[in-house]
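The values are calculated or read from the model by the stated rules, or taken from the named source; none is laboratory data. Computed from a predicted structure; not experimentally measured. Virtual Cβ from ideal backbone geometry, glycine too; neighbours counted across all protein chains shown. We work out accessible area using only protein heavy atoms, side chains counted, and drop any ligands, DNA or RNA first. Shrake-Rupley method; radii C 1.70, N 1.55, O 1.52, S 1.80 Å.
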Amino acid sequence: MAHIAIIMTGLTGNLHASLEVASRLKNEGHNITYLSVRDVKSKVESYGFKYVQLPEIKHGISIKDIGFNEKSWIKKLMYHTNNKKKIYDESEKILKLEEHYSVISSVNPDIAIVDRELHDIIFTIFSLKIPFIISTTWFSNKMGNGLKNPPIRTDIIPGVGTKGSPPFIFLSWTLIKLKVKARIFVNKIFFKDYRRQALLRYAKKIGFPVKEIVASNLPNLFTYPNINTLSMTMSEMDFKHKPYKKFKYYGPMVFESRDEVYSENIKKRLEVIFQRKLKEHKKLIFCSVSTLVPGDITFLNKLIEAIRMKKEWLLIITLGDKIDKTTFKNLPEHVFLFNWVPQLEVLKNADININHAGINSINECIHFKVPMLIYSGKNFDQNGCAARVHYHGMGIMGDKDKDSPEQIRQKISRIFNESEFQDKMNDFHKLYQKYREKKISDILPTSLNKKSKL
């Protein structure tokens with residue numbers, strides 16, 4: 001039995017996926033300590049895991065954070081030029097690297113699984129000489145030989161149209177790399193790049209192989225192609241290419257046993273909808289776009305119009321806490337608005353899920369074999385996830401800004417009427433089950449019994 005530290009951001013999707021990892025490792029006989037930079041203590045402890053709080057991470061450090069408040073760019077430049085050591089010393093203090101070191105050292109795990117976004121923790125773990133692997137919910141973001149893998153920020157599908165041609169894919173990669181360099185340059189000239197510089201300085205100090213660190217904006221700051229990385233996705237769902245040698249897939253992590261507490265009123269409303277679906281032989285569409293920004297009210301109105309006359313369909317929409325239900329007027333009687341619903345419970349009963357291409361929602365659809373109509377939120381990896389769902393026939397990719405109500409209705413009808421979409425979901429569900437049968441312990445690339453740096 002090994003003592004494994006699972007160190008995550010604490011964001012909701014990340015939390016649920018990592019709790020599935022923790023549960024499976026616990027069932028395999030390991031001792032788990034869960035650490036997070038956000039306070040998720042009560043949630044994690046409610047599932048029986050030991051929890052340790054890490055200091056919150058400061059994601060950006062500017063010259064103002066150092067205590068220099070002058071607005072003049074010339075004065076900022078002079079201060080930066082004359083006080084570099086002081087600035088980077090202060091930046092390290094703001095990053096609380098010593099506090100992270102102290103907390104993780106006291107936990108003293110045999111191995112750590114660290115979220116790829118937590119660069120401060122990755123360097124700290126390295127300095128403690130604790131074996132570790134990086135965990136991510138993203139697909140491979142390597143160009144690959146033959147230009148078969150477009151950047152994950154794009155909705156490009158290899159081989160489809162001009163956009164999917166090798167020259168265009170190469171151009172897309174070139175533009176992404178230029179954007180990364182441009183962002184670094186702009187942050188430097190406006191004295192906002194001190195977190196990056198302080199972390200690189202710390203990495204050199206502890207002997208981390210800085211030449212192997214790649215500048216990135218997904219995840220922000222850095223990526224590490226030569227460190228063992230496990231992706232909570234399936235290789236079969238990725239585009240065909242060779243990822244980095246140390247990039248491995250260990251399958252979607254869906255924490256089905258999570259406790260989704262909801263009110264008696266929500267429970268009763270959902271029961272009525274589910275019973276109506278069964279008794280009246282209707283199709284249930286679940287639109288889970290609760291993390292989209294308020295500007296997507298336009299899309300939701302188009303969706304409502306798309307199904308207004310389709311009384312054989314029922315539509316549940318979750319709005320989250322960013323959109324007021326009273327915004328929507330003259331709702332059809334077969335459209336139901338909620339601020340929040342227990343997503344897994346609704347997916348069990350849904351015939352189609354409309355989502356924003358968040359990978360956790362996609363994985364949950366695979367878990368319940370629910371075909372998807374994907375309207376990417378166009379942030380982070382959402383475009384790339386949408387493209388993969390479409391490419392593999394698990395659903396259809398639309399454009400939330402361009403599709404009309406008629407086009408939305410046609411896409412929904414296609415998924416209902418063409419059995420290939422459900423067949424593909426069934427096929428990917430079988431592949432997913434094979435991943436679930438594997439022991440995570442067996443695919444951890446770092447030995448649990450041998451101390452190593454990477």
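Let's see how each residue does on (1) more than 29 Å from Asn82 (Cβ to Cβ); (2) surrounded by fewer than 17 Cβ atoms within 10 Å (Cβ to Cβ):
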| site | (1), (2) |
| --- | --- |
| Leu200 | no, no |
| Glu212 | yes, yes |
| Leu230 | yes, no |
| Thr233 | yes, no |
I'd like the full set of residues that are at pLDDT 95 or above, open to solvent by 10 Å² or more (accessible area, probe 1.4 Å) and either of a type in the set (Asp, Glu) or under 20 Å from Asp399 (Cβ atoms) (or both), limited to segment 255-300. Glu271, Glu280
Condition check for Tyr250: at pLDDT below 95 and open to solvent by 10 Å² or more (accessible area, probe 1.4 Å): no
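Tell me, which strands (runs of 3 or more DSSP E) lie completely within segment 330-408 with 3 or more residues that are surrounded by 22 or more Cβ atoms within 10 Å (Cβ to Cβ) and of a type outside the set (Ser, Thr, Tyr)?
Values: elements: 335-338, 352-355, 372-375, 395-398.
Output list reads 352-355, 372-375.
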Top-ranked residue of segment 383-414 - restricted to ones that are touching a Leu at 6+ places or on another chain (Cβ under 8 Å) and among the hydrophobic types (A, V, I, L, M, F, W, C), ranked as nearest to Phe286 (Cα to Cα): Ile412
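Among the β-branched types (Val, Ile, Thr) and open to solvent by 70 Å² or more (accessible area, probe 1.4 Å), is that true of Thr162? Show your work before the answer.
Values: among the β-branched types (Val, Ile, Thr): yes; open to solvent by 70 Å² or more (accessible area, probe 1.4 Å): yes.
The answer is yes for Thr162.
Which one of these is crowded, with 17+ Cβ neighbours inside 10 Å, part of a helix (DSSP H, G or I) and in contact (Cβ under 8 Å) with a residue 60 or more places away in the chain: Ile121, Ile156?
Values: Ile156 fails: part of a helix (DSSP H, G or I).
The unique qualifying residue is Ile121.
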Here the qualifying pairs (Cβ atoms under 7 Å; residues six or more apart or on different chains; first in segment 351-369 and at positive phi; second among the aromatic types (Phe, Trp, Tyr) and in a helix (DSSP H, G or I)) come out as none
